[in-house]
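Just so it is clear, none of the values below were taken in a lab; they were calculated from the coordinates. Owing to the predicted nature of the structure, the values given are computational and were not obtained by experimental measurement. Glycine also receives a Cβ, built like all others from the backbone with ideal geometry; neighbour counts cover every protein chain displayed.
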Amino acid sequence: MASLSVQVPHQLPVAEAVQRLQGFLEEVRRDHADRVSNVQGEWLGETLKFGFTAMGMQIKGDLVVANDEVRVSGNLPFAASLFRGTIESTIRTELEKLLR
């Protein structure tokens with residue numbers, strides 16, 4: 001299994017970053033419905049446990065809001081590892097938009 005890892009720096013108070021990111025999964029559902037389905041997530045403090053299906057493959061991970069960055073990590077099925085760069089780039093882009 002390949003790993004998924006994205007770090008996006010921010011300069012927001014943690015509570016504000018969490019507030020901005022609480023709509024993240026809804027934006028993924030709306031903006032990437034053609035590529036992503038079964039989007040699910042649950043916030044536990046500053047950590048979002050999420051899962052979604054992309055190209056028929058289930059992807060699960062954690063999004064953690066820290067003082068100066070947001071970290072996304074998870075495991076990708078072997079077949080999805082071919083698209084890891086695209087998946088990570090899309091996540092990074094969406095997070096950067098929300099954390100500006």
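I want to confirm something. Restricting to the range 38-57 and keeping residues that are among the small types (Gly, Ala, Ser) and surrounded by fewer than 13 Cβ atoms within 10 Å (Cβ to Cβ), which single residue is nearest to ALA80 (Cα to Cα)?
Looking at residues that are among the small types (Gly, Ala, Ser) and surrounded by fewer than 13 Cβ atoms within 10 Å (Cβ to Cβ), I get GLY56.
Collect the residues in the range 42-67 that are touching a residue at least 24 places away in the same chain (Cβ under 8 Å) and either in contact with a strand residue (DSSP E or B) (Cβ under 6 Å, 6 or more places away or on another chain) or over 19 Å from VAL14 (Cβ atoms) (or both), keeping them in residue-number order.
GLU46, LEU48, PHE50, PHE52, ALA54, MET55, ILE59, GLY61, LEU63
Being closer than 17 Å to ASP62 by Cα and outside any strand (DSSP E or B) is the filter here, so list the residues in the range 30-50 that pass it.
Within the range 30-50, GLY45, GLU46 meet the criteria.
Looking at the range 71-91, is at least one residue assigned to a strand (DSSP E or B), touching a Gly at 6+ places or on another chain (Cβ under 7 Å), of a type in the set (A, V, I, L, M, F, W, C) and within 16 Å of PRO9 (Cβ to Cβ)?
The answer is yes, given that some residue of the range 71-91 is assigned to a strand (DSSP E or B), touching a Gly at 6+ places or on another chain (Cβ under 7 Å), of a type in the set (A, V, I, L, M, F, W, C) and within 16 Å of PRO9 (Cβ to Cβ).
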